[in-house]
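These notes are about the structure you will find just below.
The values are calculated or read from the model by the stated rules, or taken from the named source; none is laboratory data. Keep in mind that what you see is a predicted model, and the values were worked out from it rather than measured. Cβ coordinates were reconstructed from backbone atoms using ideal geometry, including for glycine residues, and neighbour counts include every protein chain displayed. The area values use the complete protein model at the heavy-atom level, side chains included, leaving out ligands, DNA and RNA. Shrake-Rupley method; radii C 1.70, N 1.55, O 1.52, S 1.80 Å.
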Amino acid sequence: MIQYFEGIRIFTLNNRKFNRGSAVTIPGIGIFIGSKQITNTGLLRHEFGHILQRRQKGFLFFWFKIAPVSLASAFKSSKDKTHIHMQIWTEWTANRASFDYFNQPNDWDFDKYPIESTN
């Protein structure tokens with residue numbers, strides 16, 4: 001069964017890292033998420049925030065500014081446990097865009113998906 005979130009195709013992966021909560025969004029293709037995370041609304045909202053960034057900022061800004069910084073941060077956080085991926089601007093701005101898109105839901109997890117910089 002093909003699954004969608006807000007009209008965006010969801011691809012499930014049976015991968016240990018993705019099943020622990022990692023995900024990747026490729027605008028124009030979809031959201032790649034662990035099969036055990038398919039009901040993780042917070043993670044799906046966050047990833048959808050990257051779709052919103054692409055829509056708001058455009059192709060060039062997304063692919064040449066947001067995507068490289070986000071990927072470098074994700075890689076760094078996998079190697080350096082003191083690096084908090086969700087605290088970099090690409091992530092909290094994705095959260096903010098999604099938070100607003102979903103009308104500031106009461107069940108938003110601000111600890112996992114902050115909507116402003118804590119630095």
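Side notes on the structure shown:
- Near residue 5, the amide H atoms lying under 5 Å from its own belong to 10; only residues 5 or more places off or on other chains count, and H is placed 1.01 Å from N.
- Entry comment: accessible area of the chain is 61 Å² per residue, from protein heavy atoms only and a probe of 1.4 Å.
- Working from Cα pairs under 8 Å separated by at least six residues, relative contact order for the stretch 77-119 is 46 percent.
- For the stretch 1-55: relative contact order, % (alpha-carbon pairs under 8 angstrom, 6 or more apart): 32
- Estimated from helical segments only, the mean residue ellipticity of the chain at 222 nm is -12000 deg cm²/dmol, where each DSSP H run of four or more residues counts as -39500 (n - 2.57).
- Against the criterion of solvent-accessible heavy-atom surface with a 1.4 angstrom probe, 61, 75, 11 sort, most first, into 75, 61, 11.
- Efficiency of FRET between residue 84 and residue 14 - r from beta-carbon atoms, R0 22 angstrom, step 0.05: 0.25
- Ranking 33, 115, 2 from most to least accessible surface, computed with a 1.4 Å probe over the protein chains only, gives 2, 115, 33.
- 20 Å reach of a label modelled at residue 57, 7 Å along Cα-to-Cβ, counting backbone N of the stretch 73-95: 73-78, 84-95
- Given charges at beta-carbon only (K, R positive; D, E negative), |dipole| of the stretch 28-119 in Debye: 340
- For the stretch 23-38, the Karplus equation 6.51 cos²θ - 1.76 cosθ + 1.60, evaluated at θ = phi - 60°, returns couplings of 7, 9, 10, 10, x, x, 10, x, 10, 9, 9, x, 4, 7, 10, 4 Hz by residue, with Gly and Pro reported as x.
- Carbon + sulfur, % of accessible area of the chain - ligands and nucleic acids excluded, 1.4 Å: 54
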